[in-house]
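Engineer: Provided herewith is a single structure, encoded as structure tokens, for subsequent inquiry.
The values are calculated or read from the model by the stated rules, or taken from the named source; none is laboratory data. Note that this is a predicted model, so its numbers are computed, not measured. Backbone-built Cβ (ideal geometry, glycine too); neighbour counts: all protein chains shown. Accessible surface areas use protein heavy atoms only, side chains included; no ligands, DNA or RNA. Shrake-Rupley method; radii C 1.70, N 1.55, O 1.52, S 1.80 Å.
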Amino acid sequence: MSYSTEQIRNVALAGHPGAGKTTLFEALLHAGGAVQTAGTIERGNTVSDFDPIEKQRGHSLDCAIASTDHAGIHLNLIDTPGYPDFRGPTLSALAAVETLAVIVDADSGVQYGTRRMMDHARARGLCRAIVVNKIDHDGAKVARVLDDIRETFGPECLPLNLPADGGARVIDCFGNAEGDSDLGPVADWHQKIIDQVVEINETVMEHYLDLGEGGLSGQELHDAFEQCLREGHLVPVLFCSARSSVGVQELLGVAERLFPHPGEANPPPFAKGAGENAQSIEAKPDPKAHVIADVFKIVNDPFVGKLGVFRVYQGTVRKDTQLFVDDGKKPFKVGHLFKLKGRDHVEIEQAVPGDIAAVAKVDELHFDAVLHDSHDEDHIHLAPLNFPRPMFGLAVEAASKGQEQKLSTALHKLAEEDPCFQVEHEAETNETVIRGLSDLHLRINLDRLKDKYGVEVQSRPPRIAYRETVAGRAEGHHRHKKQTGGAGQFGEVFLRIEPLPRGGGFEFVDEVKGGTIPGQFLPAVEKGVRQVLHDGAVAGYPIQDVRVVVYDGKYHSVDSKEVAFVAAGKKAFLDAIGKARPQVLEPIVDLEVNAPEQHMGDISGGLASKRARINGTDSVRGGEIVVRAQVPLSELEGYAAELKSVTAGRGRYSLDFSHYEPVPNNVQQKLVEAYKPRHEED
């Protein structure tokens with residue numbers, strides 16, 4: 001089927017784990033005729049969860065894309081992971097759709113994942129809909145769930161259809177005012193949603209007041225409905241049971257008739273330039289304009305190579321089109337253009353504005369790259385999504401010698417696919433550290449390393465990035481004298497040190513008078529001092545916030561050499577540090593914990609045992625609290641599992657670096673003792 005922008009609907013399915021997103025994804029594809037039989041998670045034959053690890057665990061780990069052509073409409077669907085550990089792919093999908101359908105379990109109601117995704121969609125300016133799934137389950141509480149939705153997200157949440165006969169069917173209450181439902185007379189809900197829709201537009205409101213509902217044209221109602229969605233004045237609620245297909249065909253019909261096409265939704269937030277000079281620009285869904293597309297997903301496929309999945313915002317991408325990546329000077333040729341159907345790639349001739357497509361074997365592609373066909377569109381970018389910062393870390397190394405390069409390549413590919421998975425090399429600890437959103441997030445990526453790339457690793461908690469400093473002033477001295485038969489080595493240094501304010505870094509000051517140390521040897525003295533700065537003096541961690549003043553010394557006209565003053569500067573600095581009350585500093589992080597209010601006591605008690613300073617608590621909508629504290633990073637190892645245990649999986653937290661401060665004496669003693677064996681070996 002060939003189609004235009006006006007025939008496209010882009011919808012992402014999101015929500016709390018277990019709400020039934022993947023099952024609904026399959027049911028919609030089946031209802032639209034894209035698959036002959038809807039797959040099930042239990043059988044491991046779904047279109048979306050095709051990864052072996054997803055099949056093994058029974059839930060989505062990445063977003064999956066498929067489309068269906070039905071009733072003259074081309075519907076692009078994106079199934080997203082529910083677990084917060086895999087928010088990267090879920091949030092990435094928001095850059096590709098006009099509508100986010102948040103799935104709610106009729107048994108469990110509104111949960112943390114529901115609120116989180118509704119907030120993200122609102123902030124992004126997306127149209128939102130809520131789909132209440134599993135309405136025919138024995139434990140379904142549809143009336144209570146609808147009340148919960150309206151209490152949590154506001155009275156603008158109104159049903160477009162209603163469950164009837166105990167969830168055995170649904171009945172339309174937008175275009176129909178007759179009949180009874182499990183939630184009362186259809187006429188009552190019909191009146192509420194009509195009133196909500198018509199009040200958004202003054203002209204439509206006047207027609208309605210003058211002529212009644214019968215005097216409104218279908219186009220007037222459609223345009224007002226679309227405006228309500230775009231402005232957040234209406235959040236439609238729909239009921240279904242994906243497992244038994246109750247309400248699925250009706251949901252597909254609503255997506256086709258009422259959800260916005262790419263030309264009707266809020267314009268995408270593109271800008272040209274950077275920083276304060278950036279200017280907002282409008283990407284128009286004009287098929288004849290210059291191409292503007294955004295890469296929202298990268299897949300490293302072992303057979304196809306790197307696959308860049310993109311959403312076209314302007315222009316038409318055809319086979320053989322020449323496209324630039326970001327501000328690149330050399331274009332690449334679109335040799336093959338694909339539509340995705342889960343793991344399968346279906347070749348197509350073109351992608352019009354609003355469509356989702358993919359191109360393979362272009363190494364320059366990366367997440368959030370902008371593709372365009374003219375240098376007029378250089379320096380254009382889409383407003384960045386608000387991804388959580390990955391704070392959980394593991395130090396990794398190849399389990400087998402000779403696989404270091406293979407490990408590095410594989411980690412790079414995993415990081416390309418997930419914006420919340422990062423790979424760092426910690427120079428001061430000489431460790432490769434992977435960072436993610438949780439221990440589970442990291443463990444899944446380690447499984448992928450083994451299964452997908454054949455690389456096994458050894459992992460351990462990364463070393464905490466402690467620092468060293470001094471608390472007082474002191475003087476140091478060292479004479480380096482070495483005779484080896486011929487010319488010897490001689491250098492003598494006198495220096496003093498003093499602490500700088502926290503964050504002051506390092507200062508090296510020359511106060512030598514009378515040439516007691518010739519100027520050509522002062523850089524050697526500083527080199528010796530900087531070796532100690534890097535390697536540490538008492539616990540093996542870098543030294544910061546200290547001033548070193550060299551004020552005197554001696555030299556020999558024959559034996560003085562650079563190497564002698566390097567050694568003298570190093571030993572004089574170590575001598576001074578030992579007298580200046582050396583301290584080990586630890587990183588302190590700002591911690592923010594969100595959890596149900598009833599767990600406040602457990603959370604506060606747990607933080608108190610971790611040397612935390614609680615700075616305040618706030619109550620937020622939905623019966624949650626936010627606890628803000630400052631905590632030593634070293635105390636938070638294992639905190640994810642602890643918080644999950646005390647809050648029944650409903651608590652979450654975020655971290656940001658704050659500052660360094662001295663560790664307690666007992667902690668410093670342990671760190672110093674642990675360093676001594678290594679120091680002696682050196």
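Engineer: Which numbered condition trips up Gln227, out of (1) open to solvent by 30 Å² or more (accessible area, probe 1.4 Å); (2) closer than 15 Å to Asn161 by Cα?
Structural biologist: (2)
Engineer: So, in region 488-520, how many residues would count as being assigned to a loop (DSSP other than H, G, I, E, B), closer than 18 Å to Val548 by Cβ and open to solvent by 50 Å² or more (accessible area, probe 1.4 Å)?
Structural biologist: Qualifying residue count, region 488-520: 5.
Engineer: Is it true that some residue in region 32-47 is modelled with pLDDT under 90, buried (at least 23 other Cβ atoms within 10 Å of the Cβ) and of a type outside the set (Phe, Trp, Tyr)?
Structural biologist: no
Engineer: Checking the conditions here, which among Leu209, Leu229, Leu252 is assigned to a helix (DSSP H, G or I) and without any contact (Cβ under 8 Å) to a residue 12 or more places away in the chain?
Structural biologist: The conditions single out Leu209.
Engineer: Check region 355-363 and report whether any residue there is in contact (Cβ under 8 Å) with a residue 24 or more places away in the chain, open to solvent by less than 10 Å² (accessible area, probe 1.4 Å), assigned to a loop (DSSP other than H, G, I, E, B) and more than 15 Å from Leu307 (Cα to Cα).
Structural biologist: Checked against the condition, which is being in contact (Cβ under 8 Å) with a residue 24 or more places away in the chain, open to solvent by less than 10 Å² (accessible area, probe 1.4 Å), assigned to a loop (DSSP other than H, G, I, E, B) and more than 15 Å from Leu307 (Cα to Cα), region 355-363 yields at least one hit.
Engineer: Starting from region 39-54, keep only residues that are without any contact (Cβ under 8 Å) to a residue 12 or more places away in the chain, then list their pairs with residues that are assigned to a loop (DSSP other than H, G, I, E, B) and charged (D, E, K, R) whose Cβ atoms are within a distance under 8 Å, requiring at least 6 positions of separation or different chains.
Structural biologist: Pairs that qualify, where the first residue is without any contact (Cβ under 8 Å) to a residue 12 or more places away in the chain and the partner is assigned to a loop (DSSP other than H, G, I, E, B) and charged (D, E, K, R), are Asp51/Asp62; Glu54/Asp62.
Engineer: Within region 425-474, work out how many residues are within 30 Å of Phe573 (Cα to Cα), touching a helix residue (DSSP H, G or I) at 6+ places or on another chain (Cβ under 9 Å), at pLDDT 85 or above and buried (at least 16 other Cβ atoms within 10 Å of the Cβ).
Structural biologist: Residues meeting the conditions: 4.
Engineer: Restricting attention to region 633-661, which residues are touching a Gly at 6+ places or on another chain (Cβ under 9 Å) and closer than 30 Å to Gly503 by Cα?
Structural biologist: Across region 633-661, the qualifying residues are Tyr639, His659, Tyr660.
Engineer: Here's a check for you: in region 620-645, which residue that is within 13 Å of Glu597 (Cβ to Cβ) and among the hydrophobic types (A, V, I, L, M, F, W, C) is most open to solvent (accessible area, probe 1.4 Å)?
Structural biologist: Checking each candidate, the answer is Val620.
Engineer: Taking region 328-339 as the region of interest, how many residues are touching a strand residue (DSSP E or B) at 6+ places or on another chain (Cβ under 9 Å) and open to solvent by 20 Å² or more (accessible area, probe 1.4 Å)?
Structural biologist: Taking region 328-339 and keeping what is touching a strand residue (DSSP E or B) at 6+ places or on another chain (Cβ under 9 Å), we get 330-339.
Filter once more, so that each one left must be open to solvent by 20 Å² or more (accessible area, probe 1.4 Å): 330-333, 335-336, 338.
So the count comes out to 7.
Engineer: Please report, ordered by residue number, the helices (runs of 4 or more DSSP H) entirely within region 77-189 with at least 1 residues that are touching a strand residue (DSSP E or B) at 6+ places or on another chain (Cβ under 7 Å), without any contact (Cβ under 8 Å) to a residue 40 or more places away in the chain and open to solvent by 10 Å² or more (accessible area, probe 1.4 Å).
Structural biologist: Fully inside region 77-189 and qualifying: 142-153.
Engineer: Identify the single condition in (1) touching a Pro at 6+ places or on another chain (Cβ under 6 Å); (2) over 20 Å from Val299 (Cβ atoms); (3) not β-branched (Val, Ile, Thr) that Cys63 does not satisfy, given that it satisfies every other one.
Structural biologist: (2)
Engineer: Taking the options Pro268, Pro285, name whichever one is under 30 Å from Thr321 (Cα atoms), surrounded by 20 or more Cβ atoms within 10 Å (Cβ to Cβ) and touching a Gly at 6+ places or on another chain (Cβ under 7 Å).
Structural biologist: Values: Pro268 fails: touching a Gly at 6+ places or on another chain (Cβ under 7 Å).
Of the residues listed, the single one that is under 30 Å from Thr321 (Cα atoms), surrounded by 20 or more Cβ atoms within 10 Å (Cβ to Cβ) and touching a Gly at 6+ places or on another chain (Cβ under 7 Å) is Pro285.
Engineer: Which one is farthest from the chain's Cα centre (by Cα) among residues in region 432-491 that are of a type in the set (Phe, Trp, Tyr) and farther than 30 Å from Val672 by Cβ?
Structural biologist: Looking at the filtered set, the residue picked out is Phe490.
Engineer: Considering only residues that are part of a loop (DSSP other than H, G, I, E, B), closer than 26 Å to Pro269 by Cβ and either modelled with pLDDT under 95 or open to solvent by 10 Å² or more (accessible area, probe 1.4 Å) (or both), which ones fall in region 340-354?
Structural biologist: Val352
Engineer: Next question, about the same structure. I'd like to verify a number: residues in region 400-424 that are open to solvent by 50 Å² or more (accessible area, probe 1.4 Å) and at negative phi, how many?
Structural biologist: Of the residues in region 400-424, 12 are open to solvent by 50 Å² or more (accessible area, probe 1.4 Å) and at negative phi.
Engineer: Okay, moving on. Within region 233-260, can you find the residues that are over 15 Å from His70 (Cα atoms) and open to solvent by less than 30 Å² (accessible area, probe 1.4 Å)?
Structural biologist: Leu234, Val235, Pro236, Val237, Leu238, Phe239, Cys240, Ser241, Ala242, Val246, Gly247, Pro260
Engineer: If you go through region 562-608 one residue at a time, how many are within 26 Å of the chain's Cα centre (by Cα) and not in a helix (DSSP H, G or I)?
Structural biologist: Final tally of qualifying residues: 10.
Engineer: Determine the pairs where a residue that is more than 23 Å from Arg473 (Cα to Cα), located within region 542-564, has a partner that is open to solvent by 20 Å² or more (accessible area, probe 1.4 Å) and among the small types (Gly, Ala, Ser) with Cβ atoms under 7 Å apart, the partner being 6 or more residues away or on another chain.
Structural biologist: Val558/Ala487; Asp559/Ala487
Engineer: What is the residue count in region 506-565 for residues that are closer than 30 Å to Asn666 by Cβ and in contact with a Pro (Cβ under 9 Å, 6 or more places away or on another chain)?
Structural biologist: 11
Engineer: Go through region 292-313 residue by residue and tally those that are assigned to a strand (DSSP E or B), touching a helix residue (DSSP H, G or I) at 6+ places or on another chain (Cβ under 9 Å) and open to solvent by 10 Å² or more (accessible area, probe 1.4 Å).
Structural biologist: Residues that pass the stated criteria total 4.
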